[in-house]
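Since every read-out is calculated from the coordinates, none of them should be taken as a lab result. Bear in mind that the values here come from a model prediction, so they are computed numbers and not experimental data. All Cβ positions, glycine included, derive from the backbone under ideal geometry; neighbour counts span all protein chains shown.
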Amino acid sequence: MDYCHSGRIRRIDEAAIHRQLDSGAIVLLGPVAVSVTGESFNLTSEEVATQLAIKLKAEKMIGFCSSQGVTTQDGTIISELFPDDAQRCIEEREADGDYNSGTVRFLRGAVRACRSGVRRSHLISYQEDGVLVQELFSRDGIGTQIVMEGAEQVRRATINDIGGILELISSLEQQGILVRRSREQLEMEIDKFTVVVRDNLTIACAALYPFPEESIGEMACVAVHTDYRSSSRGDMLLQRVAAQARQQGLKKLFVLTTHSIHWFQERGFQPAEVEMLPKRKQELYNYQRRYKILVIDL
Ligand SMILES: CC(C)(COP(=O)(O)OP(=O)(O)OC[C@H]1O[C@@H](n2cnc3c(N)ncnc32)[C@H](O)[C@@H]1OP(=O)(O)O)[C@@H](O)C(=O)NCCC(=O)NCCS
């Protein structure tokens, strides 16, 4: 097939680009490039960006598209995707006849970039002002990120994680920092848990108990292994749980805590009264423990 004047990237002059960057210049590359024989070829901007990000070993690639990000069927934006999930999204869109929208083209590039070592690719909208700032400087971002799966995985817990979770939380239970949970209880509630697993060791966990009638959720059993604290894993869990709660249509998130009041307050949680708890939880609320109730709007 004759592709006429559309082409593919064969070579990028990385040294020249690095020289410009090192001298403090900003490099802008258009989508038209020349071949060694001097002909001009049109490339897609997504391909230029992807190849460039890979070659320059960029930390991230950002794509401005017509949509704000990848959405679920009900229109909620998915804030994070692994390359395999993104690939599935591409295939779903292709099955619907969308082969060539900017979003699909960028997703293809993002999957390729991610699999070639670019840790993050952000998909955001060009239709709204200020999205770049919001994406990069807000905790949850506003669009969709395609991220590399690392040695450390953050994922929903399965029945196989129960041993790891019990090991992680048992000393905190003994110290009275976390409420005691039996193996049977964990088995029943395992689908509520998110875990951070590193080289087969469970290093952090958190659970989300939704109360859909009251549009509120409880974040509970938040624990980070002592060797892995102060590296934002607590923060990451909070982001995950908040995102899950939002996806479930919840409007608020609360925690009951005795030892980590300030940690939550520093992340925007506000003290609240027992009446604010969902009915079922109010009945169980144990005054003797003197938990502090903290709540945040999602
Ligand atoms: C609270 C907890 C989850 C934080 O995990 P983490 O991964 O260390 O958190 P981050 O890395 O995101 O944040 C670290 C910051 O929080 C501070 N911090 C940690 N625990 C804190 C606490 N209990 N109270 C106040 N601040 C705390 C750290 O000093 C650090 O501050 P810095 O950034 O100024 O150095 C972790 O300390 C933990 O597992 N605690 C025991 C269990 C618990 O209390 N759970 C909450 C009840 S559900």
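Key figures
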| read-out | value |
| --- | --- |
| Lone qualifier among V197, V179, V255 - being part of a strand (DSSP E or B) and within 14 Å of the ligand (Cβ to nearest atom) | V255 |
| Spans of strands (runs of 3 or more DSSP E) in the stretch 5-103 with at least 1 residues more than 23 Å from Q145 (Cβ to Cβ) | 32-34, 40-42 |
| Residues within the stretch 182-192 that are surrounded by 12 or more Cβ atoms within 10 Å (Cβ to Cβ) and either under 19 Å from R290 (Cα atoms) or more than 16 Å from the ligand (Cβ to nearest atom) (or both), tallied | 1 |
| Single match in L107, L123, L136, L132 (criterion: in a helix (DSSP H, G or I), on the phi < 0 side of the Ramachandran plot, touching a Cys at 6+ places or on another chain (Cβ under 8 Å) and not acidic (D, E)) | L107 |
| Complete set of residues in the stretch 222-239 that are in a helix (DSSP H, G or I), near the ligand (Cβ under 6 Å from one of its atoms) and touching a strand residue (DSSP E or B) at 6+ places or on another chain (Cβ under 8 Å) | R233, G234 |
| Scope the stretch 244-261; condition among the hydrophobic types (A, V, I, L, M, F, W, C) and buried (at least 17 other Cβ atoms within 10 Å of the Cβ); matching residues | A245, L250, L253, F254, V255, L256 |
| Residues located in the stretch 200-221, provided they are within 14 Å of the ligand (Cβ to nearest atom) and closer than 22 Å to R246 by Cβ | A204, C205, A206, A207, L208, Y209, G217, E218, M219, A220, C221 |
| Hits in the stretch 119-138 - residues which are touching a residue at least 60 places away in the same chain (Cβ under 8 Å), of a type outside the set (S, T, Y) and either surrounded by 13 or more Cβ atoms within 10 Å (Cβ to Cβ) or touching a Lys or Arg at 6+ places or on another chain (Cβ under 8 Å) (or both) | R119, R120, H122, L123, I124, V131, L132, E135 |
| Test for S116: is it closer than 29 Å to S231 by Cβ, surrounded by fewer than 16 Cβ atoms within 10 Å (Cβ to Cβ) and of a type outside the set (V, I, T) | yes |
